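I have placed the structure first, in the form of structure tokens, so that the comments after it can refer back to it.
FYI, it's all coordinate maths here, none of it is from the lab. Treat the numbers as computed from the prediction; the structure is a model and nothing was measured. Here Cβ is always computed from backbone atoms with ideal geometry, including for glycine, and neighbour counts include all displayed protein chains.
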């Protein structure tokens, strides 16, 4: 028998049992339960090499030492279970409202985001209430209407309830910072 991983923990995964053979992955896999309660089959190499640390309920940032740095910009699945926005019709995808919240946080706090320089790099932040939990954002902003995206009324101020609205592309185009001259 292969090395028994039953009961071992890898990131947020706890190994439950050996999975039935999966010839398409050319390796054995294990049935694992994430801390959020999601159960999935994970190839052994993804577990042992640290390539899979959760079901995706949290997108961790790694420190230089390889440890997870959990900040309030990431979400815990505890919030996802409450708001139900991370799964649409049983398909593992995100609602438009949830995507707006995630992208807002990424622009402000993820230095690898291609828009970081225009947001977090300029000091734009997300209010503590919204950083704490998606459900707070959802309560304050409501569902994202079709054809609209998140917009800051004052482009030099932070993401907070009194400075945000759902806007059409035309409204957003009229609400931009002046172009930088070279």
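Of 150, 18, how do they rank once you tally other Cβ atoms within 10 Å and put the fewest first?
With the fewest neighbours first, 150, 18 line up as 18, 150.
Suppose the chain between residue 173 and residue 112 were pulled fully straight at 0.36 nm per residue; how much longer would it get relative to their current alpha carbon spacing?
19.5 nm
Which of rounded, prolate or oblate describes region 117-182 when judged by the alpha-carbon gyration tensor and an a/c cut-off of 1.5?
Oblate is the answer for region 117-182, as a/c is 1.5 or above yet b/c matches or exceeds a/b.
Students often get this wrong: which residues of region 95-112 have the backbone nitrogen under 15 Å from the point 7 angstrom along Cα-to-C-beta of residue 148?
What the label zone holds, given the 15 Å backbone N cut-off, is 96-98, 100-101.
Tell me whether region 9-48 comes out rounded, prolate or oblate; compute the Cα gyration tensor, take square roots of the eigenvalues as a ≥ b ≥ c, and use a/c under 1.5 as the rounded threshold.
It comes out prolate by the Cα gyration axes.
What does the highest-first list of 119-130, 102-113, 163-174 look like by mean Cβ count within 10 Å?
By packing density, highest mean first, the sequence is 102-113, 119-130, 163-174.
Pull out the extension gain between residue 51 and residue 128, defined as 0.36 nm times the separation in residues minus the alpha carbon to alpha carbon distance; nm, one decimal.
Stretched fully, the residue 51-residue 128 segment lengthens by 24.7 nm.
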